[in-house]
Amino acid sequence: MIRDIIRKLMKEFNRLLKISKRASSSSSSSGSSSGSGSSSGSGSSSGSASSSGSTSGSSSGSGSSSGSSSGSASSSASSSGSASSSASSSGSASSSGFETSADTSDQVFWPMFKYLSGEIKGNLTKTRTMAMDDNGVIHSLGYKSDMYIETDTLTDSIKRNTQGSHGFIGNVEASNGYTYFLPAYSTSIAKLKRSTGDIEIVGKFASCPQIRSGAEGANGIIYMPSYTKTLKIYTLDTKTGETGCLTPPQPGFFGHVWGAAADLDGNVYMPPALGNKVLKIDKDGNSSLLEGKPVTSSVSGFSVKYVGATYVKSVNKVFCLPRVGKKILIIDCSDDSYEEIELPADYLKVANKNKNFHGFLAPDGWLYSAFWADTKCFRINPHTYEIQWKDYEDEFSDGYLTAKMGSGIMSLGTGYSTCALTKGNDVYLGLAGTSRAIKLEFKK
């Protein structure tokens with residue numbers, strides 16, 4: 001009750017403060033335009049949306065975007081953003097699903113930020129899993145502490161169930177009607193029956209396998225790489241329930257892998273977290289390293305390059321977003337070539353080194369980063385490779401003086417959010433070290 005009263009008072013104070021600043025800015029303005037942009041291309045444009053904040057953007061490079069656009073974002077935060085197009089991607093936006101609407105460099109619309117109702121307090125990162133049943137309820141099991149969190153997407157609320165489990169990270173939505181929770185610090189695999197919402201936890205391993213991700217390849221086999229120096233690939237046959245393990249070629253001195261994605265043919269691609277090569281498990285279960293120059297993401301040593309991997313059907317490519325790295329890895333599934341694209345310099349200048357927990361393909365067709373130790377979000381257009389970013393600090397603050405106070409986060413090391421799950425025009429983000437969970441609402 002007291003928290004809600006304080007929050008309302010702070011919101012009103014900040015609203016009046018912003019009105020005062022706008023009035024002052026307006027009186028001192030000499031008729032300049034509402035937005036500015038710069039470009040090394042051949043044209044520029046400016047515009048604004050219904051917001052009291054501002055977003056600036058610039059576009060440069062040899063891609064299909066030759067101009068720049070600037071305008072205010074659809075929030076009240078004052079934020080900065082940049083757009084860089086360094087290459088032109090093959091493929092068209094004609095595929096089914098929500099991969100059809102990724103716009104080019106004049107895109108200024110960003111998703112609206114919303115806190116869900118309900119709070120779950122505690123310092124540790126609460127969950128790194130999200131699995132939705134057929135009734136629209138998202139089930140999340142604990143990471144380092146016992147948790148069972150339910151997110152009701154019909155009421156936009158969260159609750160913590162009395163009994164929970166821990167040790168899980170990542171999910172695989174399999175073709176057999178189940179979604180699997182992967183074990184990092186558990187010896188079991190949990191599975192959600194999507195038709196009923198029931199969860200079953202089954203012991204599978206003699207010790208914790210340190211799995212961080214997985215993807216379903218051909219013949220219903222889920223491949224799960226380990227985050228260990230000697231890389232192991234654990235397998236789960238979704239038809240028989242049997243597990244296995246193989247030792248693939250090592251992607252470098254550090255074998256650690258924290259991402260996996262499968263293409264339409266059932267080939268699974270795994271980017272390096274600490275190594276320098278991309279691993280592929282083909283549809284027949286054979287493992288190999290892709291040929292190409294070393295993957296660096298402009299970092300080295302124990303700095304995690306890439307976490308997660310996302311397959312985009314419309315361009316037949318896998319996109320891997322960085323954690324501490326400074327580039328985006330793009331794998332072309334048609335010929336197994338790959339390249340790394342630099343994040344914008346102005347973004348890197350202000351971003352936390354731990355930029356992203358995982359990437360997700362959003363309803364607008366862009367790939368977005370998931371907030372980790374940062375309130376900033378970056379996104380890439382899979383068709384043009386244009387990159388933009390925005391700071392959601394004001395939204396996280398929610399009327400309080402700081403984002404820490406508004407979100408309930410205890411420390412940046414526990415994260416603002418973790419994984420993400422898309423439902424319709426909304427994206428729900430996993431509850432990390434904050435007490436309040438969020439969703440992003442995309443333009444319909």
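The values are calculated or read from the model by the stated rules, or taken from the named source; none is laboratory data. Please read these numbers as outputs of a predicted model, since none were measured by experiment. Positions of Cβ are backbone-derived with ideal geometry, glycine not excepted, and every protein chain shown enters the neighbour counts. Protein only, heavy atoms only, side chains kept; ligands, DNA and RNA dropped before computing areas. Shrake-Rupley method; radii C 1.70, N 1.55, O 1.52, S 1.80 Å.
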Quiz item: Given labels modelled 7 Å from the Cα in the Cβ direction, how far is it in nm from Lys313 to Lys293?
Solution: 3.4
Practice problem: Mind pulling up the Rg/Rh value for segment 150-221? Radius of gyration and Kirkwood radius, both on Cα. | Solution: 0.99
Quiz item: With charges only on Cβ, +1 for K and R and -1 for D and E, what is the dipole size of segment 261-325 about its Cα centre, in debye, rounded to 20?
Solution: 260
Exercise. Run the accessible area of segment 285-376 with a 1.4 Å probe and give the carbon-and-sulfur part as a rounded percent.
Key: 47
Self-check item: For segment 272-356: rounded, prolate or oblate by the Cα gyration tensor [a/c cutoff 1.5]
Solution: prolate
Quiz prompt | Protection proxy ranking, peptides 248-258, 156-166, average beta carbon neighbours within 10 Å, highest first | solution = 248-258, 156-166
Quiz prompt | Cβ-Cβ FRET estimate between Lys121 and Thr243, R0 fixed at 56 Å, reported to 0.05 | solution = 0.95
Practice problem: In debye, nearest 20, what is the charge dipole magnitude of segment 338-444 about its Cα centre with +1 on Lys and Arg Cβ and -1 on Asp and Glu Cβ, if you could check? | Solution: 320
Quiz item: What residues qualify as long-range amide H neighbours of Lys277, i.e. H under 5 Å apart, gap of 5 or more or another chain, H built at 1.01 Å from N?
Solution: Val295
Self-check item: Peptides ranked, highest mean first, by Cβ atoms within 10 Å: ranges 202-212, 427-437
Solution: 427-437, 202-212
Practice problem: If a/c stays under 1.5 just call it rounded; otherwise compare a/b with b/c (prolate if a/b is bigger, oblate if not). Do that for segment 207-339, with a ≥ b ≥ c from the square roots of the Cα gyration tensor eigenvalues. | Solution: oblate
Practice problem: Provide the FRET efficiency to the nearest 0.05 for the Asp198-Ala345 pair, computing r from the beta carbons and using R0 = 41 Å. | Solution: 0.25
Practice problem: Would you kindly state how much longer the chain becomes between Glu441 and Lys283 on full extension, computed as 0.36 nm times their sequence separation minus their alpha carbon distance, in nm to one decimal? | Solution: 53.3 nm
Exercise. Find the Cα radius of gyration of segment 342-444, compare it with 2.2 N^0.38 Å by division, and give the number to two decimals.
Key: 1.04
Quiz item: Once phi is turned into θ = phi - 60°, what whole-Hz ³J(HN,Hα) does the Karplus curve with 6.51, -1.76 and 1.60 give for every residue of segment 141-151, x standing for Gly and Pro?
Solution: 9, x, 9, 9, 10, 4, 8, 9, 9, 10, 10
Quiz item: Ranked highest first by average number of other Cβ atoms within 10 Å, how do 387-399, 318-330 line up?
Solution: 318-330, 387-399
Practice problem: In nm, give the distance between the simple-model label positions of Asn219 and Met410, each being 7 Å from the Cα along the Cα-to-Cβ direction. | Solution: 4.6
Self-check item: Theoretical FRET efficiency, 1/(1+(r/R0)^6), r = Cβ-Cβ of Thr402 and Ser334, R0 41 Å, to 0.05
Solution: 0.30
Quiz item: Once you list every other residue whose beta carbon is under 10 Å from the beta carbon of Asn267, what net charge do they have if Lys and Arg are +1 and Asp and Glu are -1?
Solution: -3
Practice problem: May I ask you to give the average projected area over all directions of the convex hull of the Cα atoms of segment 144-288, in nm² rounded to one decimal? | Solution: 9.4
Practice problem: Name the shape class, rounded, prolate or oblate, that the alpha-carbon gyration tensor gives for segment 323-384, where a ≥ b ≥ c are the square roots of its eigenvalues, rounded holds for a/c under 1.5, and otherwise prolate holds if a/b is larger than b/c and oblate otherwise. | Solution: prolate
Quiz item: How much net charge surrounds Leu329 when only other residues with a Cβ under 9 Å from its Cβ are counted (Lys, Arg +1; Asp, Glu -1)?
Solution: 0
